[in-house]
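Every number in this text was worked out from the coordinates using simple rules, so none of it is lab data. The structure displayed is predicted, hence computed values, not measured ones.
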Amino acid sequence: GEGSKDRKLNFTNSNPALLMFMKRWFEYALGIHPKDFLIRVTIHDGHRDRYVKVQQFWQRTLKLPSRQFYSPTYLKTVHRKVYENRETYYGVVSLRVRNSTHLQYRILGLIKAVSHAGVAQVVRAWHS
């Protein structure tokens, strides 16, 4: 994934399954409390009228309250093409973790350990 310019732990995607996986991984592997997640939804300007529905979708999917959602970012589009998936488009979500600069170093350490020792050895050490 891409890095965050402000050095906070951040995962951005539009796939609900991937976002749930990362949220759970952050919770279980890194001990992140659900209240420490902050969400930003980016959607096309043409979906402004659907934002409440879009946010409710992500609240249900990620099991997070509305108070953990930033105001949305709307992307301006030049053309107004109507897409067939209008009602199932939920934008792109940035799943951020509050006060997370230190976690980046922990994750980099895990990546280094897995690349040198192998996954099985790291998992055994993690659980011992």
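Tabulated values for the structure
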{"item": "Sequence-distant residues sharing a close amide H with Thr12 (under 5 Å, placed H)", "result": "Leu95"}
{"item": "Convex hull volume per residue in cubic angstrom - Cα atoms of segment 36-100", "result": "84"}
